[in-house]
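These notes concern the structure reproduced below.
The values are calculated or read from the model by the stated rules, or taken from the named source; none is laboratory data. Note that the structure is predicted; figures quoted are calculated from it, not measured. Quick reminder, even Gly has a Cβ in these numbers, built from the backbone with ideal geometry, and neighbours come from all protein chains shown. Note: accessible area is taken over every heavy atom of the protein model, side chains too, but ligands, DNA and RNA are not part of it. Shrake-Rupley method; radii C 1.70, N 1.55, O 1.52, S 1.80 Å.
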Number of protein chains: 2
Amino acid sequence: MPKKNDSVILLTHGDGGIKTSELISGLIKKHLGNHILDKLEDSAIFSCPPDKKIAFTTDSFVINPLFFPGGDIGKLCVCGTINDLVTTGCVPASLSLSFILEEGFPINDFERIILSIKETLKSAGGRVEIVTGDTKVVEKGNADKIYINTAGIGFIEKDINIGPPGIKKGDAIIINGTVADHGLAVLSQRPEFNFKSNIVSDCAPLNLLVADMLSASGKIHAMRDATRGGLARVLIELSAASMMNFEIYEKEIPVKKEARGICEFLGLDPLYIANEGKIVAFVPENKAQKVLDAMKKNRYGKFSRIIGRVTGSAGSSGSNVILRTGLGTKRILDMHYSEQLPRIC
Amino acid sequence: MPKKNDSVILLTHGDGGIKTSELISGLIKKHLGNHILDKLEDSAIFSCPPDKKIAFTTDSFVINPLFFPGGDIGKLCVCGTINDLVTTGCVPASLSLSFILEEGFPINDFERIILSIKETLKSAGGRVEIVTGDTKVVEKGNADKIYINTAGIGFIEKDINIGPPGIKKGDAIIINGTVADHGLAVLSQRPEFNFKSNIVSDCAPLNLLVADMLSASGKIHAMRDATRGGLARVLIELSAASMMNFEIYEKEIPVKKEARGICEFLGLDPLYIANEGKIVAFVPENKAQKVLDAMKKNRYGKFSRIIGRVTGSAGSSGSNVILRTGLGTKRILDMHYSEQLPRIC
């Protein structure tokens, strides 16, 4: 347990000595402990279910501010890693948790983040566990409060192959709700913008939603979560990776009215703004309604919509994502040169 | 490929847009690419060999300075993660690589680090691959140049159970060479110390050494790499975890003459100084010579020595590590309250 008189992180909390042990036992093991993590070995050991493939991912989180409407860096790191895993069709199982803490970071805030991690794991169904971790402390001024890396492992049935090569002509393109909420919620807290809004981040673990989708149809061709760079980036990347052309109906893309207003006022495009609880799925036309119905029954899929379709193979000039705008015109979605908002995740 | 006129990392290199893609393709994929990483999917997918257990570890590296005698942060992150894995008896297979870059960090230095990662993977036998990664950039002043997180996965035979509970009375305690070299090599580069020395870091991937040890005897009871907190920390932790008492012969602990001199001059204890290529193994007495002989034939084990033995179960007063000093006296090794050197890894 951190000593009562330690109200902030000290360099000695990261030295691998007594104070590191106090911090790990008093906060991390206390709130996130399980039979694997509790061993505090350098490596976690667990079995691989027979006849499964492994999915493995990593992400570092440097979001600013740490606490924002609808979430915090703790919730974000769990959701981000779970969502990167589930787009493969896997069942997420084990996460690692590695902290880089700035000297002077309040221990109360650290505990709040750990508790948020615990809560998020619970809301993800309680079957994803933190199994290994690391804590480093750097001198004041060498980090911005706290950075978190999470790596994650999930297990996939051997015969499931979800990914860009599976995308086929005619596929329906489905999203599970409104775009741009995460980016705008974070933006609203930045001193340089600081506007009042009711927008909260969509940050959510999508493993149970994806499980529902796969129950509805095992034939989903590809999935990707739309984070940095927004919906547009995912569409452009998947179009390029699959060498297929997509057509997207702007009117069908769910955007909250308030979010649209903020974007118009600030000159931002909601399609390029980060989400943290949105997944884009490519589903065979004849399964689309069934998958959509299943999504709408899940708490994270109520506002799911078919937003476009795969129109065919790309020619030698390269793949395109065509946006049919609300005005009836067409434009090509292109990869913006730079992200509209830094340190969004 | 990063544009010629980009000589430093920009915030846009971390935004998930075109410049991020340029950096990843031009440096990371170029030097570290393989058939899994090249897909640049959010998760890497690979198979789990049948009837194996998984070992999973993570570490963030914040070492200062980035380049030091005998290594750099790139070599360190690969070695540190491989060494955390192999102490379980596993064969390391796949690593993740997640960068937090400070705006303004020279791209030349970044490439030097990537090349060092490549070189280290090769010197580890070429069978360990980087399979997934992430890149974030924070504003100048919010990190110290570059921090790297590596998580790693290895596979263990189902019937191998190496760990503290396996430690038995009579076990020989073996180390694979001189202690304190890494910590002193880093210290020699710090402005506040800045002394001339010939000590280079022992930073090395120990997977092939451990494979040789396990070939010599499948009966190794426990292993741990002696990093932060040095040899003393490992001994104290394993004594506590196994509830066994150890006796260590100070005269048998290999310490370079120059290292001993620097420690005496600076008032440091070499037993508490970090290593990055040292493993401590607990081996049944009747297998100790065979394992030792195998270790001495490996490039990272030439100066291996039996440095102590397990004297028996701890009583109710708790476990102890007794150091028999060079003077013939005994003292109890205790966990120092704080590490002697911050940001050593």
Looking only at Cα atoms, what is the convex hull volume of the protein assembly as shown per residue, in Å³? 154 Å³
Counting only residues 5 or more apart in sequence or on a different chain, those whose built amide H sits under 5 Å from that of B:GLY308 are B:ILE173, B:TYR249
Nearest 100 Å², what total accessible surface is buried between chain B and chain A (probe 1.4 Å)? 5600 Å²
Cα convex hull volume per residue for region A:173-311 (Å³): 103 Å³
Applied in sequence order to region B:175-180, the curve 6.51 cos²θ - 1.76 cosθ + 1.60 (Karplus, θ = phi - 60°) yields integer Hz couplings, x standing for Gly and Pro, of 10, 8, x, 6, 9, 5
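So how many Å³ per residue does the convex hull of the Cα atoms of chain A work out to?
143 Å³
Take every residue in peptide A:135-145, count the Cβ atoms of other chains within 10 Å of its Cβ, and give the average of those counts.
Working: counts 1, 11, 3, 8, 5, 0, 3, 10, 8, 5, 1.
Mean number of neighbouring Cβ atoms from other chains: 5.
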Relative contact order (percent, whole number), chain B, Cα cutoff 8 Å, 6+ residue spacing: 22 percent
Treating the point 7 Å from Cα along Cα-beta-carbon as the label, what are the nm separations from B:LYS140 to the other copies, to one decimal? 2.3
Placing a label point 7 Å from Cα toward Cβ, how far apart in nm is A:THR325 from its equivalents in the other copies, listed shortest first to one decimal? 8.2
Where does helix B:257-266 land angle-wise versus the long Cα axis of chain B, in degrees 0 to 90, nearest 10? 80 degrees
Across region A:281-288, in residue order, what do the Karplus-derived ³J(HN,Hα) couplings come to in whole Hz, using 6.51 cos²θ - 1.76 cosθ + 1.60 with θ = phi - 60° and x for Gly and Pro? 10, 10, 10, x, 3, 7, 10, 4
Scan around A:ASP134 for amide H atoms under 5 Å from its own, H built in the peptide plane at 1.01 Å from N, and keep only partners 5 or more places away or cross-chain. A:LEU97, A:SER98, A:PHE99
When the Cα centres of region A:20-72 and region B:243-296 are compared, how far apart do they sit, in Å? 32 Å
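Please sort B:314-327, B:226-239, A:283-296 by packing, taking for each peptide the average over its residues of neighbouring beta carbons within 10 angstrom, highest first. Walk me through the intermediate numbers first.
Working: B:314-327: 13.6, B:226-239: 23.9, A:283-296: 18.0.
Highest to lowest by the protection proxy: B:226-239, A:283-296, B:314-327.
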Check A:GLU276: other-chain or 5+ apart residues with amide H under 5 Å from its amide H, H built from backbone geometry? A:HIS182, A:ASP202, A:CYS203
Provide the percentage of antiparallel DSSP beta bridges, counting only those with both residues in chain A; round to the nearest 5. 75 percent
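List the trypsin sites (Lys or Arg not before Pro) within region B:1-55 that fall in a DSSP loop (any state other than H, G, I, E or B) and whose Cβ has at most 14 other Cβ atoms within 10 Å. Don't skip to the answer; put the middle values down first.
Numbers: sites: B:LYS3, B:LYS4, B:LYS19, B:LYS29, B:LYS30, B:LYS39, B:LYS52, B:LYS53; in loops: B:LYS3, B:LYS4.
Here the trypsin sites (Lys or Arg not before Pro) that fit, given the DSSP loop and packing criteria, are B:LYS3, B:LYS4.
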Ignoring ligands, DNA and RNA, what percent of the accessible area of the protein assembly as shown is carbon or sulfur (1.4 Å)? 52 percent
Roughly what angle does helix A:207-216 make with the longest principal axis of chain A, taking Cα atoms, 0 to 90 degrees, to the nearest 10? 30 degrees
Hey, got the average number of other protein chain Cβ atoms within 10 angstrom for residues in A:217-228? 1
Position B:ASP269, label points 7 Å along Cα→Cβ, spacing to each other copy in nm (shortest first, one decimal): 6.2
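Within region A:135-196, list the trypsin sites (Lys or Arg not before Pro) lying in a DSSP loop whose Cβ has at most 14 other Cβ atoms in a 10 Å radius.
Details: sites: A:LYS136, A:LYS140, A:LYS145, A:LYS158, A:LYS168, A:LYS169, A:LYS196; in loops: A:LYS140, A:LYS145, A:LYS158, A:LYS168, A:LYS169, A:LYS196.
Passing sites in region A:135-196 are A:LYS140, A:LYS158, A:LYS169, A:LYS196.
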Calculated on alpha-carbon atoms, Rg and Dmax of region B:280-324 in Å: 13.5, 42
Per residue of region A:18-34, in order, report the coupling 6.51 cos²θ - 1.76 cosθ + 1.60 (Karplus, θ = phi - 60°) as ³J(HN,Hα) in whole Hz, putting x for Gly and Pro. 4, 5, 5, 4, 4, 5, 5, 5, x, 10, 6, 5, 4, 8, 10, x, 7
Within region B:11-157, what percent of beta bridges assigned by DSSP are antiparallel, to the nearest 5? 70 percent
SASA check, A:THR12, accessible area w/ 1.4 Å probe, all protein chains in place, rounded to nearest 10 Å², comes out at 40 Å²
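Please give the average number of partner chain Cβ atoms lying within 10 Å of the Cβ of each residue in B:79-85, rounded to a whole number.
On the way: counts 0, 2, 2, 0, 1, 5, 2.
The mean count of partner-chain Cβ atoms within 10 Å per residue comes to 2.
At 1.4 Å probe radius, can you tell me the per residue accessible area of region B:223-319 in Å²?
On the way: 4240 Å² over 97 residues.
Heavy-atom SASA per residue in region B:223-319 reads 44 Å².
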Sticking to Cα atoms, compute the Rg of region B:188-270 to one decimal and its Dmax as the biggest Cα-Cα distance, whole number, in Å. 16.0, 46
What angle do you read, to the nearest 10 degrees and between 0 and 90, between the alpha-carbon axis of helix B:73-86 and the longest principal axis of chain B? 50 degrees
At 222 nm, what value in deg cm²/dmol follows for chain B if DSSP H runs of at least 4 each add -39500 (n - 2.57) and the sum is divided by all its residues, to the nearest 500? -8000 deg cm²/dmol
Whether region A:98-197 is rounded, prolate or oblate, judged on the alpha carbon gyration tensor where a/c under 1.5 counts as rounded: oblate
Considering the protein assembly as shown, which cysteines have no disulfide-compatible partner, defined as another cysteine with its Cβ under 4.7 Å away? A:CYS77, A:CYS79, A:CYS90, A:CYS203, A:CYS263, A:CYS345, B:CYS77, B:CYS79, B:CYS90, B:CYS203, B:CYS263, B:CYS345
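Would you mind getting the Kirkwood hydrodynamic radius of region B:11-157 from its Cα pairs, rounded to one decimal in Å? Before the final figure, lay out each step's value.
Details: mean 1/r = 0.0638 Å⁻¹.
Here the Kirkwood hydrodynamic radius works out to 15.7 Å.
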For chain A, set up a GNM with springs between Cα atoms under 10 Å and report which of A:ASP38, A:ASP202, A:ASP72 has the largest fluctuation. A:ASP38
From Cα pairs below 8 angstrom and at least 6 apart in sequence, can you work out the relative contact order of region B:164-332, rounded to a whole percent? 42 percent
Test of understanding: in a Gaussian network model of chain B with alpha carbons linked when under 10 Å, which of B:VAL138, B:VAL210, B:VAL280 would top the mean-square fluctuation ranking? B:VAL138
